[in-house]
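Asks: Just dropping this structure here.
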Amino acid sequence: MHAQVSPDCSNAIPICNDTPVNGGTTGFGIDDFKGAQTSGCLEQTITNAIESNSAWYRFRTGATGQLGFNISTNITEDWDFALYKASDCNGLGEPIRCNFFDNQDQNAFLGVGEDPTGDTENIQYEDWLEVTPGEDYYLLINNFSNSNSGFSIQFSGNIFVTDPYTALDCSIISNLLGSPIAACEGDTISLDATTTDAIAYNWFSDTGAGFVPITGENNATLDVTVSAFYRVEVITVTNNNIISDVQVGFSVTPTTFPLSDESMCSEDEIFDLHIKDSEALGNQSVNDFLVSYHTSITDANSGHNSLPKLYEAPLGVRNIFVRVTSVENPSCYDASESFEILNVETPVLDFEEEVFLCDGNPSIEIGSLTSEPNYSYSWSTGETTSSIMVDQEGEYTVTATHTQAGENCSNTKTVTLVISSPPAISDVEINDLQSSNTVTVVPDETGAWQYQLDDGELQLSNVFRDVQAGMHTVYVHDPRGCGAVSEEIVVVGFPKFFTPNGDARHDYWHIEGISTLNNAEITIYDRYGKLIKQMNENSPGWDGTLNGQLLPSTDYWFKLTYVDVNGQQTTAKYINNHFSLKR
């Protein structure tokens with residue numbers, strides 16, 4: 001049964017409470033926009049008018065707060081709407097809410113506020129209204145589909161929580177029996193036509209074949225339990241008889257079927273509540289009823305604070321209350337069932353995936369050093385403890401399982417064991433007698449070593465620049481904790497050649513910077529190892545002679561010794577101890 005639908009604004013159907021209005025639309029009456037091309041988001045259709053299969057409604061607010069509405073339609077049909085804040089049809093102005101998107105996503109609802117299914121991506125919804133008492137609104141609903149199976153309107157918003165009986169003002173309706181009435185199966189609705197000067201009452205009903213008298217019903221009130229249009233004829237003393245009609249619709253009250261408990265692992269993060277809809281509905285149509293989920297029975301009964309269908313369930317057990325609601329009349333619902341979601345924590349394996357066993361150490365412990373009492377462990381070695389001792393290079397895999405109420409949640413991790421040998425220094429290249437001395441440490445093999453000069457900062461580069469002349473210590477560290485090696489070096493400067501020809505230029509060969517060393521001594525040899533000259537830090541240098549005789553132009557070698565920090569006479573290493581005499 002379809003309610004009265006008015007295609008014209010001037011005859012807009014008044015609504016005065018949160019009552020669904022069901023109706024199909026056919027054509028339009030007069031052009032309420034007087035040939036205008038657009039009204040807000042709506043444009044002229046092929047009818048050369050903005051209206052197309054249109055229906056007009058009006059309402060007046062009776063409270064302060066948030067107001068919205070849901071227009072429920074067939075998902076295969078395309079409906080639009082525009083909402084005007086106006087006191088009459090001659091001054092509609094531009095709509096304050098308007099939506100013209102086609103229904104390619106096959107949504108079941110459009111309107112103002114929030115999609116009652118919890119779909120936050122529905123583009124056919126406009127923002128909530130913030131209203132105060134006494135505001136008048138006109139609502140235009142258009143159909144642009146080849147099919148037109150009607151719609152229903154349900155109001156929403158917090159004013160129906162704070163002021164459930166006065167959210168909308170009923171003074172706009174002059175009908176004796178009031179506005180259309182929505183009820184649930186099993187309810188009894190009492191229609192009251194009491195009139196002060198009445199002498200008789202005659203009641204009629206129309207279930208689709210026209211009004212027929214209701215035999216024996218002649219009182220001022222009539223209790224009804226069946227959907228129909230009802231009419232009362234009030235016979236008055238003055239014979240100013242009154243005829244009043246009202247629609248009463250009884251919607252099916254849904255049944256919430258029992259739901260099984262669920263369990264999940266925390267690694268899954270999201271529980272999809274959509275999968276429970278079919279359980280809750282049983283054999284009831286998904287097109288006729290909505291399923292929502294709540295964390296308290298209070299919210300389930302009020303229909304508030306519904307959970308998102310993609311629910312982030314907390315760890316442990318959470319009781320979920322289920323509400324099945326009639327799309328036609330949200331007052332018809334059942335919230336008698338609930339179920340539990342058990343979210344079992346998936347084991348967290350937070351130990352290193354790569355460990356190093358220093359060469360020479362017998363073994364190392366890998367895995368979780370602290371055992372969780374509710375976990376079971378299984379290693380690729382066959383061991384069942386949270387950690388194991390290993391001594392062979394390779395991969396070791398462990399699976400930790402947390403079992404609770406039959407739900408097994410597992411996590412697997414592989415540990416790679418690497419045998420690490422301590423570093424060694426094969427050479428130290430000293431580039432001295434430059435504007436900035438450079439020291440390059442050469443390890444015996446490549447690796448992610450860390451290098452240090454004296455007590456300076458660790459660095460990844462093996463090159464040290466701007467090194468001061470004198471004695472230093474270089475270090476190579478194994479960042480995996482397998483030790484470090486060090487070498488003492490001496491950074492000094494000496495000419496690679498000298499020319500003792502008496503021109504006062506390069507006439508003496510000497511070493512610069514040995515004053516920083518303790519008891520430094522230089523010994524010069526020829527290519528055959530014959531001792532040529534011994535000098536200390538106070539010597540002016542070698543003049544290229546031996547026992548007063550000029551020595552030939554050739555290459556000569558030297559050795560630098562000094563007393564180290566331990567008081568030992570030490571020969572400086574890594575010095576390129578070769579130079580030339582030229583005449």
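Asks: What does the highest-first list of 402-415, 61-74 look like by mean Cβ count within 10 Å?
Replies: 61-74, 402-415
Asks: Something else now. If you filter segment 104-191 for chymotrypsin sites (Phe, Trp or Tyr not before Pro), then keep DSSP loop positions with at most 16 other Cβ within 10 Å, what is left?
Replies: Passing both the DSSP loop test and the Cβ count: Phe144, Tyr165.
Asks: Additional query: Using 0.36 nm times the number of residues separating Lys582 and Glu354, minus their current alpha carbon distance, what extension gain do you get?
Replies: Separation in residues times 0.36 nm, less the Cα-Cα distance, equals 76.2 nm.
Asks: Whenever you get a sec, line up Met389, Met535 from highest to lowest accessible area (probe 1.4 Å, protein heavy atoms).
Replies: Order by accessible area, largest first: Met389, Met535.
Asks: Based on Cα positions only, what radius of gyration and what Dmax would you give for the chain, in angstroms?
Replies: Rg, Dmax (Cα atoms, Å): 47.7, 160.
Asks: Hey, what's the chain come to in accessible area per residue, 1.4 Å probe, Å²?
Replies: Heavy-atom accessible area per residue stands at 50 Å².
Asks: Summing +1 for each Lys or Arg and -1 for each Asp or Glu, what net charge is found among the other residues whose Cβ lies under 11 Å from the Cβ of Arg231?
Replies: Around Arg231, the surrounding residues sum to -3.
Asks: Just the projected area, averaged over all directions, of the convex hull on the alpha carbon atoms of segment 386-519: how many nm²?
Replies: That works out to 13.3 nm².
Asks: Hey, another quick one. Can you figure out the FRET efficiency of Asp427 with Thr545, using R₀ = 30 Å and their beta-carbon distance, to the nearest 0.05?
Replies: It comes to 0.30.
Asks: Once the piece of chain linking Asn374 and Arg505 is laid out straight, how much longer is it, given 0.36 nm per residue of separation minus the C-alpha distance between them?
Replies: 38.6 nm
Asks: Using a 1.4 Å probe on the protein heavy atoms, what percent of the accessible area of segment 416-487 belongs to carbon and sulfur?
Replies: Carbon and sulfur together cover 44 percent of it.
Asks: Let me ask something else. Can you give the three extents of the C-alpha atoms in segment 197-297 along their principal axes, from longest to shortest, in whole Å?
Replies: 79, 28, 18
Asks: Would you please report the Å³ per residue occupied by the convex hull of the alpha carbon atoms in segment 364-416?
Replies: It is 65 Å³ per residue.
Asks: Count neighbours as other Cβ atoms within 10 Å of each site's Cβ, and list the GluC sites (Glu not before Pro) in segment 408-499 that are DSSP loop with at most 15 such neighbours.
Replies: Listed in order of number, the matching sites are Glu445, Glu457.
Asks: If you wrap a convex hull around the Cα atoms of segment 255-365, how much volume per residue is inside, in Å³?
Replies: 118
Asks: If R0 is 22 Å, what FRET efficiency do you get for Thr215 and Asn175 from their C-beta distance, rounded to 0.05?
Replies: Computed FRET efficiency for Thr215 and Asn175: 0.35.
Asks: Round to a whole number: what % of the accessible area of segment 54-94 belongs to carbon and sulfur, probe 1.4 Å?
Replies: 38
Asks: So for the pair Thr516, Lys573, with labels modelled 7 Å out along Cα→Cβ, what separation do we get in nm?
Replies: The answer from the label model is 1.9 nm.
Asks: Let me ask something additional. With N set to the residue count of segment 515-561, report its C-alpha Rg divided by 2.2 N^0.38 Å to two decimal places.
Replies: 1.19
Asks: Once the Cα gyration tensor of segment 453-580 is diagonalised, what are the square roots of 5 times its eigenvalues, in whole Å and ordered largest first, as equivalent ellipsoid semi-axes?
Replies: 34, 15, 13
Asks: Give the Rg (one decimal place) followed by the Dmax (whole number) of segment 41-182, computed from C-alpha coordinates and expressed in Å.
Replies: 15.2, 44
Asks: Among all lysine pairs in the chain that are eight or more places apart or on different chains, how many have alpha carbons less than 16 angstrom apart?
Replies: 6
Asks: Carbon and sulfur: what percent of segment 208-340's accessible surface (1.4 Å probe)?
Replies: The nonpolar share, carbon plus sulfur, comes to 49 percent.
Asks: Once the whole set of protein chains is in place, how much accessible area is left on Leu273, using a 1.4 Å probe, in Å² to the nearest 10?
Replies: The accessible area of Leu273 comes to roughly 0 Å².
Asks: Further question: Looking at segment 87-165, which GluC sites (Glu not before Pro) are DSSP coil and have at most 12 other C-beta atoms within 10 Å of their C-beta?
Replies: Passing both the DSSP loop test and the Cβ count: Glu121.
Asks: Roughly speaking, what % of Cα-Cα pairs in segment 387-442 are separated by over 15 Å, rounded to a whole number?
Replies: Looking at segment 387-442, the distances longer than 15 Å represent 72 percent of pairs.
Asks: Tell me the relative contact order for the chain as a rounded percent, counting alpha carbon contacts under 8 Å between residues six or more apart.
Replies: RCO, the chain: 8 percent.
Asks: Rg to Rh ratio, segment 93-150, alpha-carbon atoms and Kirkwood radius?
Replies: Reported Rg/Rh (Cα atoms, Kirkwood Rh): 0.98.
The values are calculated or read from the model by the stated rules, or taken from the named source; none is laboratory data. Values in this document were obtained by computation on a predicted structure and should not be read as measured data. Quick reminder, even Gly has a Cβ in these numbers, built from the backbone with ideal geometry, and neighbours come from all protein chains shown. Only protein heavy atoms, including side chains, enter the accessible area calculation; ligands, DNA and RNA are left aside. Shrake-Rupley method; radii C 1.70, N 1.55, O 1.52, S 1.80 Å.
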